[in-house]
Structure formats: C-alpha cells, structure tokens
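First up is the structure itself, then whatever we jot down about it.
The values are calculated or read from the model by the stated rules, or taken from the named source; none is laboratory data. For clarity, every value in this text was computed on a predicted model and none was experimentally measured. Heads up, the Cβs are rebuilt from the backbone with ideal geometry, glycines too, and the neighbour counts pull from every protein chain shown.
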2 protein chains.
Amino acid sequence: MSYVDAAVARAKERRQKHLDEFREVLAIPSISTLTEHAGDVRRMADRLVDELKRLGMTRVDLMPAARHPIIYAEWLGAPGKPTVLIYGHYDVQPVDPLAEWTSGPFAAEIRGDYIFARGASDMKGQIFAQLKAMECLFAGGPYPCNVKYLIEGEEEIGSPSLDSFIDSHLDLLKADFVLNCDAGIHAPEVPAIIYSLRGLAYFEIELRGSAKDMHSGLFGGSVRNPAQVLCELIAGMHDADGRVTLPGFYDKVRALPEEERKELAQLPYSDADWIAMATSKGLWGEKGYTTIERVGARPTLEVNGIWGGFTGEGSKTVLPAKAAAKISTRLVADQEPGDVHGQLRAYLEAHAPKEVEWTIRELTHGPGAIMDRHSTAMKAAVKAFDQVFGKAPIFKREGGSVPVVALLQQKLGLDSVMLGFALPDDGIHGPDERQYLPNFFRGIETYIHFLANIGG
Amino acid sequence: MSYVDAAVARAKERRQKHLDEFREVLAIPSISTLTEHAGDVRRMADRLVDELKRLGMTRVDLMPAARHPIIYAEWLGAPGKPTVLIYGHYDVQPVDPLAEWTSGPFAAEIRGDYIFARGASDMKGQIFAQLKAMECLFAGGPYPCNVKYLIEGEEEIGSPSLDSFIDSHLDLLKADFVLNCDAGIHAPEVPAIIYSLRGLAYFEIELRGSAKDMHSGLFGGSVRNPAQVLCELIAGMHDADGRVTLPGFYDKVRALPEEERKELAQLPYSDADWIAMATSKGLWGEKGYTTIERVGARPTLEVNGIWGGFTGEGSKTVLPAKAAAKISTRLVADQEPGDVHGQLRAYLEAHAPKEVEWTIRELTHGPGAIMDRHSTAMKAAVKAFDQVFGKAPIFKREGGSVPVVALLQQKLGLDSVMLGFALPDDGIHGPDERQYLPNFFRGIETYIHFLANIGG
C-alpha cells in the first residue's frame with residue numbers, strides 16, 4: 001500500500017476517534033468578541049498547540065496579538081518540495097439568539113448526519129479535519145511537502161492583528177501558496193472551489209435627538225425622533241431597484257464580463273434551493289442580476305443590527321433619546337473598503353436632518369480578492385476532490401469575506417486555495433450551526449490527497 | 001383663624017415631615033410593567049391604604065384588578081355638600097436607561113429645589129401632596145365636602161382593569177366631579193389647567209424574513225432583510241410634510257377652530273423654552289401647525305422602541321431573522337383609538353413586501369377628552385390657584401393621554417378637573433425624573449383651598 005493510500009486507510013479506521021476529539025474541540029466556547037470568554041479562547045488555542053506538537057512540528061509558537069494569540073507552527077523537513085502555508089482560525093461567533101438553538105451551542109449534539117455546535121462548520125470542522133489529515137500522514141513517515149501554520153483567534157472580530165502580524169513576519173510566512181481551510185463546497189455531493197471573495201466594511205451609526213428619553217405624548221411630533229430618522233436614513237440607503245445609494249459606491253466596481261456571467265449561469269443553482277437555504281419566503285436584490293451574481297459579484301449593504309428606545313416587555317411611552325444601527329457593506333473587486341467610510345459619512349451629511357446629531361464608527365474592514373483558477377496548487381485541489389468525491393469541483397464566487405486571502409495576496413504575493421467542506425446551509429453565525437459529518441470524514445481524506453498531490 | 005387658614009398653616013409647619021414621608025414613598029420601586037416588581041407595587045398600595053385609614057376614611061378597600069389592585073376609599077360625612085372623586089395612580093414607569101440617571105431612581109436625592117426619583121412627578125408627588133392636604137384638613141375637623149378615592153396601580157401599563165372596574169362599580173363611584181391629580185402646570189410660576197387630553201393607541205410590530213439569523217455575506221442582498229424592511233415601513237409612515245400616512249388616519253380629526261388657535265397662540269410659549277425642555281437641537285413636526293398645536297390638538301405617530309439583529313459589543317455579520325418596533329399614536333377628538341389598529345394593518349398590507357411575514361399586536365389604547373372650562377369645579381380650581389400662586393391659571397391642551405378622564409366622562413358623565421403640579425421639564429418616563437419641591441408644598445396648599453372652595 002502506498003504512503004498516501006495507507007494514510008487514507010488510517011483516516012477511515014480512526015473515524016470514531018476523530019469524531020470524539022472533534023466533539024471535545026466543539027465543546028470549547030471560544031467566542032472571540034466577548035470578553036468573558038477570553039479564557040475559553042485561550043483554552044482552544046492551547047488545545048491546537050498540543051495537537052501541532054503531536055504532529056511533529058519542529059516549531060510551535062503562540063504569538064501575541066491584540067486580544068487572542070496567533071498560532072504559528074512549521075515542519076520544513078522536505079527540502080526541494082513546495083511549502084504550503086495553512087491558514088485557519090480557532091475562534092467562533094457569539095451564540096445569540098440562544099433560545100433558537102435546538103441543543104446547546106457547545107453540546108455538540110449529533111442528529112442524523114449532522115453535528116450541531118457553534119463553530120462546527122465555521123471553522124473548527126475544517127481546521128480540525130486538516131489536522132487529522134496530518135495525523136494520518138505523519139503516522140506513515142515524513143510529510144510529502146513543507147508545512148507552515150497560521151491559525152488566528154480573532155477572525156470573527158475582523159482579524160485586527162493580522163495585518164501587522166504579516167507585516168512583521170514576512171520571512172517567517174514565506175511559502176509557495178496558501179491552503180485556506182475556511183471554505184466550503186456547494187452541496188454534499190457537489191465539491192466546489194471559491195476563487196473570488198467579497199470585501200467587508202462594517203460600521204456602527206448612532207443618532208441622538210435629545211439629551212435624554214422624553215415622554216412621547218408630551219414631546220412626540222414636536223421634535224425629531226432619532227429612531228424614526230434612523231429608519232428614514234436606512235430606508236434611503238437602497239433605491240427602488242435595490243441599488244445602494246451611498247455616493248460613489250459603484251464607481252470602482254469591476255463589471256462582470258459577459259463570459260463569466262454565462263459560466264455562473266451554468267452552476268447547479270435553483271431559486272427553490274436558495275430560498276430553502278436562506279429559510280426565507282422569497283428572493284430579493286439588485287435589479288438586473290441573478291442571485292448568484294448578487295451574492296458573488298455585486299456589492300451589497302445590510303443592516304446587521306438596530307436598536308433604540310424601549311425594547312422590553314409591555315408598553316413604555318417614550319420618545320427615544322437615541323437610536324443606533326450596525327451596517328455593513330460587502331465589496332467586490334476593485335472597491336476599496338476604506339472608501340466606504342467616507343461614502344457613508346457623505347450620505348449622512350447629505351441626508352441626516354440638522355436637529356439630530358450623528359456619529360459613525362468603523363468596526364472592521366477588509367478587502368476582497370480574486371484568484372487564478374489554473375495554478376499548480378489549484379490543480380492539486382481539483383485532483384484531490386476528484387480522488388475522494390469522484391468528480392471535479394465547480395468554481396464559485398463567494399459572497400462572504402475572508403480578508404486574510406487578500407492580505408496574503410497583497411503582502412506576500414501568495415494565492416490561496418480555498419479548500420474546506422462547509423455547506424451553504426450549515427447556518428454559520430446563526431442558531432443551530434452544523435457540520436455534515438460524512439464530509440468531515442471525506443474532508444480529512446481530501447486534505448491527505450491534496451498534500452500528497454502537492455508533494456508530487 | 002378659619003378652618004382653611006389653620007389647615008394651610010399646618011401644611012407650612014409640617015413641610016419637613018411631609019418631605020421625609022414623600023422620600024419614603026419615592027423609595028418604593030412600584031414599576032407596574034415588570035413582573036419582578038409586583039411585590040414593590042403591592043408595598044406601595046399598602047402604604048397608601050395606611051395613609052387613607054389615618055385620614056379617617058370610613059371605607060378603604062384594596063379591590064382586585066388584572067395585575068395590581070385598585071384602591072377605593074370614601075368619607076361621606078358632609079351630607080348636602082358635593083362629592084369629589086379623587087383619581088390617582090401609585091405605579092411608575094421602568095427606569096431604563098439606568099446608566100443615564102445621575103442618582104439612583106429610587107434614592108430620592110434632593111439637588112437644589114428638586115427631588116429626583118422615578119415617579120417624583122408622575123405622579124407620587126401629586127397624589128401624595130393631595131393626601132397631605134387631607135391630613136392638614138382632617139386635623140382641624142371634618143372635611144368640607146364628601147370624598148371618594150380611586151387610585152390604580154396599572155396606569156403605566158395602560159390601565160387594563162379600569163374600564164371593567166368602572167362598569168361594575170357605577171354606584172360606588174358616583175360623584176359630582178373628578179379631581180384628577182395626574183396633572184401639571186405650565187412653569188414654576190405659571191399655574192395651568194389642562195382641558196384637553198389626547199388618546200393613545202400603542203402597538204408592537206414584528207417582521208420576520210427568515211427562519212433563523214443568516215450570514216450577511218452569504219445571503220445579504222439576495223433575500224429581504226427584515227430590519228431594512230422595517231425601516232422602510234416606518235420611514236413611510238410620515239410624508240414629507242410630517243403628516244401620518246396611515247390610511248384614514250385624519251378622517252375623524254376635529255379641526256381646530258380659528259378662535260382656539262388664536263387663544264393657543266397667546267400662551268406663554270417660546271420655541272427656545274420648548275427646545276430646552278425637550279433637550280433637543282431643534283423643532284420638527286406637521287407642516288402648517290405651531291408646536292403648541294402639534295402636541296395638543298393634532299394626532300401624531302411615534303417609534304417608542306426598535307430592535308433587531310446583533311446589538312451587542314463588536315461586529316457580527318448577521319442577516320437578522322426578524323426585527324420589531326413599538327409604535328404608538330396620540331389621538332385627538334374625535335378619533336377612535338380602536339380604529340388605528342385597522343389603519344396600521346391596512347398600511348402594512350399595502351406596503352410590506354410579500355417575502356416578509358408580519359404580525360401586529362395592540363398593547364394598549366385609550367380615548368382622548370375635552371372638558372368644559374366653565375364648570376363650578378373648574379372655577380374652584382381657578383380660585384385655589386389664585387389663592388396660593390397669586391394668579392389665575394392658563395388653560396392648556398395636553399399632548400399626553402390620561403385615559404381615565406375619557407372613561408369617567410363616558411361612563412359616569414363626570415368632568416375632570418386636572419389639578420396637579422408637575423412641570424413639563426420634569427423628565428417623566430425618562431432618566432432623572434424630578435419634582436420641583438416648592439410646588440410640591442404649594443400643591444398641598446392648593447389642594448386644601450380647592451376642597452374648601454368646593455365645600456363653599
């Protein structure tokens with residue numbers, strides 16, 4: 001049996017062990033945005049450090065970062081072979097609304113073919129499958145190529161440390177390409193590789209009408225209500241065609257070539273599937289574009305949260321002093337995330353009534369990216385999918401943002417291969433997040449083949 | 001010294017005692033809308049029952065109601081004299097936002113001429129001043145007229161029990177007129193009597209876009225965002241002239257006679273004062289009307305609260321599953337509060353996109369009222385103000401709602417005299433609610449004179 005076949009056989013034998021360990025990792029509530037979970041985030045980092053040490057890495061470091069450390073590891077025992085920089089993150093999103101979870105978000109309950117937990121799909125399932133692939137390879141001898149790891153704990157809060165970390169470790173992170181495991185496929189039996197990611201610019205806007213909450217009967221209708229003004233401002237951020245009205249928002253948007261539109265139209269997509277995945281009653285979006293184009297190739301603006309006034313039980317006749325919203329935009333090539341702040345400011349300057357004070361704060365931003373679909377690394381991934389799933393992957397544009405892909409492209413000149421096994425309906429960032437277990441196991445095998453293909 | 005002069009002298013002597021007792025009742029957090037404060041609400045009721053017993057009432061009952069009991073009391077020892085039904089409430093609004101209070105909302109801290117506490121002005125200060133007036137009268141002999149008390153503990157949750165309570169106690173509540181202490185004056189040295197109150201209809205609207213929160217990068221811009229739709233719907237509830245767009249909203253509104261507009265224009269009002277009271281940067285409202293007219297004689301619609309999506313610390317890239325708002329209207333004669341529910345429903349049916357599910361729930365409603373400015377009781381109040389403040393009160397229309405006034409007018413044929421000493425800038429329902437103490441003491445004297453004037 002060849003080295004790679006033995007590793008795959010080992011992966012099949014160890015499924016129960018891998019699943020048990022996966023559940024342990026899912027039980028750690030490594031929520032990076034909430035201060036009270038800082039200890040849990042650290043516990044998750046320590047667990048990965050232990051794994052990496054067991055995998056024979058010759059260097060494993062916890063490097064300081066703004067809030068949660070970055071894990072760096074390396075094994076460089078294959079001179080002459082390519083070096084792959086493996087990216088992942090070990091933090092997860094908050095769990096609210098908690099009441100909408102069927103089982104506890106860190107109970108890692110298995111129902112049918114799925115395991116349910118915050119982070120199951122985004123992305124403990126992916127990074128852990130990659131580590132288990134390494135384990136199966138390492139048991140059979142040295143790795144087929146050189147390996148470096150960059151695993152951060154701040155991805156879900158916008159990777160505030162990544163930019164400067166890369167800048168100050170350009171030599172350390174040198175590689176031939178990036179394997180980014182924070183990725184997914186199209187459907188359980190439809191492997192896919194994402195070659196385009198959207199950028200993100202995320203803001204908090206606060207409006208203040210009065211110094212304190214007032215009685216709505218005594219003052220309502222005589223002064224501005226900041227909640228009403230906020231609604232008017234948000235309503236005005238889209239026109240009747242679903243286009244974003246921020247001044248200059250579309251100026252740098254790269255038009256979608258007719259040829260690529262035709263390719264996108266060939267993807268195995270149906271409106272009914274999309275509606276089911278979105279758990280919505282229907283579709284909506286920018287006029288003149290298909291759903292695939294809207295989420296993959298067009299910029300969008302969303303209200304992520306809104307609050308103001310009395311939100312408790314019962315009725316309180318209050319005229320709110322202030323109201324606020326979290327608003328984010330997703331950007332496509334060649335939009336600059338840094339431009340959106342100014343566009344939003346210009347919009348508010350033009351439309352906010354003078355009786356209301358407003359502030360705007362950027363919470364996070366990151367650029368988008370487009371990758372070469374014909375690189376050596378991309379071909380190794382295509383082949384690995386074929387070896388495990390029995391078919392070649394489709395190529396997709398992704399609506400989400402993985403800022404590290406653009407950062408590594410800009411700073412180190414490295415293209416990323418987005419190779420992961422999440423599914424679009426895994427419910428990431430929402431309640432009942434899940435990972436499809438058959439593909440967790442096939443994921444381990446695909447990562448084995450991928451590294452073997454790279455090593456030649 | 002006459003009976004009434006002796007009572008007034010007693011009030012002046014006992015100021016410190018009255019203030020100490022006032023602080024005791026302000027320390028009781030009788031928040032009617034919050035279940036966890038039910039015991040405190042009951043404690044406040046018990047305290048008033050004790051007071052009324054000490055005042056020689058021949059009957060003092062705690063009568064069951066939906067959530068908090070109604071206090072009924074009577075003293076009918078003046079045959080041939082008029083009977084006054086004294087109305088008040090002993091519950092208060094919630095205290096949030098707690099962080100915006102300078103001192104604890106139940107600490108009853110005195111700073112300068114003001115005492116700060118939730119309920120200080122609305123309306124423990126008023127009902128307690130009335131009880132202290134009774135105390136000073138009772139110490140000198142029998143009351144000058146017959147007295148009944150109706151003090152509820154559910155006013156701040158929309159008086160859900162009052163309607164049926166009045167219906168089932170029509171004989172018990174018989175009187176010649178109502179003294180409603182839930183009232184205020186225009187400015188510290190400008191006594192005022194309100195002769196018109198607005199009605200209220202208060203709703204909660206919830207929109208649902210998807211079954212659960214979704215990832216805003218993966219699904220944003222491809223399905224409806226209920227927070228955005230809610231903003232669009234709320235924005236559309238006013239037109240560019242500040243008029244409410246609910247279908248039929250103005251159909252029954254009684255036009256303001258030109259003569260009354262001239263009277264209202266004579267009131268001691270200034271834009272600068274109003275802006276200062278509202279702690280706002282400027283005025284806004286329905287075109288074609290003055291501020292006094294907007295809040296007193298025109299119907300309005302306000303957002304009292306709004307919420308949806310991620311409202312915590314940091315950034316979460318979520319497409320909210322749902323969003324909700326509390327929306328209330330203030331109504332003038334002859335609008336029917338019951339009509340607004342249908343108008344809001346019709347508005348949503350016409351404007352909510354089909355991809356979003358919505359529900360609407362009425363939380364509370366109550367009618368408005370207009371009173372005769374030339375009744376005997378009104379004249380007794382005018383005279384009492386003159387005796388204590390040295391000047392006649394102005395007559396005002398009020399933007400707030402006191403549903404009990406309309407109920408007692410409809411069911412018992414009783415006009416109310418709105419006699420209380422709150423000030424428009426007391427901050428009721430908001431943080432740092434306060435009562436101006438010099439007028440708390442003058443209030444006690446005015447209530448003494450008023451009852452003496454009624455008794456002749």
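Summary table below
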quantity	calculated
Unmet criterion (only one of (1) in contact (Cβ under 8 Å) with a residue 60 or more places away in the chain; (2) part of a loop (DSSP other than H, G, I, E, B)) for A:P438	(2)
Qualifying residue in the range B:343-359 (condition: in a loop (DSSP other than H, G, I, E, B) and either under 28 Å from the mean Cα position of the chain (by Cα) or more than 14 Å from every other protein chain (Cβ to nearest Cβ) (or both))	no
The listed residue being in contact with a Gly (Cβ under 9 Å, 6 or more places away or on another chain) and surrounded by fewer than 24 Cβ atoms within 10 Å (Cβ to Cβ), out of B:A346, B:A350, B:A323	B:A346
Residue among B:G220, B:G236, B:G285, B:G209 that is of a type outside the set (A, V, I, L, M, F, W, C), on the phi > 0 side of the Ramachandran plot and either out of contact with any Pro (no Cβ under 9 Å at 6 or more places or on another chain) or not assigned by TED's automatic domain parsing to the domain that holds B:C145 (or both)	B:G285
Helices (runs of 4 or more DSSP H) enclosed by the range A:145-240 - at least 2 residues per element that are buried (at least 24 other Cβ atoms within 10 Å of the Cβ) and touching a residue at least 40 places away in the same chain (Cβ under 8 Å)	A:216-219, A:226-235
Top-ranked residue in the range B:55-108 [being out of contact with any strand residue (DSSP E or B) (no Cβ under 9 Å at 6 or more places or on another chain) and aliphatic (A, V, I, L, M); ranked as surrounded by the fewest Cβ atoms within 10 Å (Cβ to Cβ)]	B:A99
Criterion (at pLDDT 95 or above and out of contact with any helix residue (DSSP H, G or I) (no Cβ under 9 Å at 6 or more places or on another chain)) met by exactly one of B:P191, B:P257, B:P226	B:P226
A:A65 vs. criteria under 17 Å from A:L34 (Cβ atoms) and at pLDDT 95 or above	yes
Some residue of the range B:250-273 being in contact with a Leu (Cβ under 9 Å, 6 or more places away or on another chain), in contact (Cβ under 8 Å) with a residue 40 or more places away in the chain and within 10 Å of chain A (Cβ to nearest Cβ)	no
Yes/no for B:D426 being crowded, with 18+ Cβ neighbours inside 10 Å, more than 30 Å from B:M214 (Cα to Cα) and in contact with a Lys or Arg (Cβ under 8 Å, 6 or more places away or on another chain)	yes
Hits in the range A:9-26 (condition: among the aliphatic types (A, V, I, L, M) and either loosely packed, with under 14 Cβ neighbours inside 10 Å or free of Cβ contacts under 8 Å to residues at least 60 places away in the same chain (or both))	A:A9
Set A:H186, A:H238: member being under 25 Å from A:M123 (Cα atoms) and either within 13 Å of chain B (Cβ to nearest Cβ) or touching a Ser or Thr at 6+ places or on another chain (Cβ under 9 Å) (or both)	A:H186
Residues (facing chain A (nearest Cβ under 7 Å) and within 26 Å of the chain's Cα centre (by Cα)) located in the range B:299-319	B:T300, B:E302, B:V303, B:N304, B:G305, B:I306, B:W307
Subset of the range A:394-430 (residues that are part of a loop (DSSP other than H, G, I, E, B), in contact with a Leu (Cβ under 9 Å, 6 or more places away or on another chain), under 30 Å from A:D273 (Cα atoms) and at pLDDT below 95)	A:E398, A:G399, A:G400, A:S401, A:V402, A:P424, A:I428, A:H429, A:G430
Subset of the range B:278-298 that is within 8 Å of another protein chain (Cβ to nearest Cβ) and in a helix (DSSP H, G or I) - its residue that is nearest to B:K396 (Cα to Cα)	B:V295
Filtered residues of the range A:363-382 (kept if surrounded by fewer than 17 Cβ atoms within 10 Å (Cβ to Cβ) and either of a type outside the set (V, I, T) or assigned to a strand (DSSP E or B) (or both))	A:D372, A:R373, A:H374, A:S375, A:K379
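Table: residues versus (1) in contact with a Phe, Trp or Tyr (Cβ under 6 Å, 6 or more places away or on another chain); (2) more than 20 Å from A:L150 (Cβ to Cβ); (3) at pLDDT 95 or above; (4) basic (K, R).
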site	(1), (2), (3), (4)
A:V41	no, no, yes, no
A:R54	no, no, yes, yes
A:V60	no, no, yes, no
A:Y72	no, no, yes, no
A:G80	no, yes, yes, no
A:I86	yes, no, yes, no
